[in-house]
Amino acid sequence: MSGGWKDRWIVCYECQKVELSKPIKDEKFKNLFDIPEQYYMDNTFLRSIKLNYIKYEELSPKQIEVFKKVIKDIKAEERKAKKEAREKL
């Protein structure tokens, strides 16, 4: 019996931290992955994309597009939360 994606364990950030901290030489990708560490801690998808890049040294245009979209969504949520917190004061 072969395993699939459903059989995989979710790996915590601390377990992947060493691999995630490997240097990225390509400036384009260095800038792409230069996001707050908290984003990687909170989001397994962002970690998986970065790990794929580290492993294969490339990403598809779709992977890059979705990575950027997730970052944009996270930032929008942060702005919304800050706005709501200010309104409660």
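The values are calculated or read from the model by the stated rules, or taken from the named source; none is laboratory data. Just so we're clear, the structure is a prediction, and the values are computed from it rather than from any experiment. Cβ coordinates were reconstructed from backbone atoms using ideal geometry, including for glycine residues, and neighbour counts include every protein chain displayed.
Looking across the range 57-70, the residues that are out of contact with any Leu (no Cβ under 8 Å at 6 or more places or on another chain) and not in a loop (DSSP other than H, G, I, E, B) come down to P61, K62, Q63, E65, V66, K69. For the range 31-62, the set of residues classified as surrounded by fewer than 17 Cβ atoms within 10 Å (Cβ to Cβ) and more than 23 Å from E14 (Cβ to Cβ) consists of N31, Y56, E57, E58, S60, P61, K62, listed by residue number.
Conditions (1) assigned to a loop (DSSP other than H, G, I, E, B); (2) of a type in the set (F, W, Y), marked per residue:
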| residue | (1), (2) |
| --- | --- |
| K22 | yes, no |
| K28 | no, no |
| N31 | no, no |
| Q38 | no, no |
| F45 | no, yes |
| S48 | no, no |
| L51 | no, no |
| K55 | no, no |
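Within the range 14-43, residues that are touching a residue at least 12 places away in the same chain (Cβ under 8 Å) sit with their Cβ atoms under 6 Å from residues that are exposed (fewer than 13 other Cβ atoms within 10 Å of the Cβ), at 6+ positions apart or across chains, in these pairs: I24/K30.
The residue that is modelled with the lowest pLDDT, among those in the range 1-43 that are hydroxyl-bearing (S, T, Y), more than 16 Å from K72 (Cα to Cα) and under 15 Å from the mean Cα position of the chain (by Cα), is Y13.
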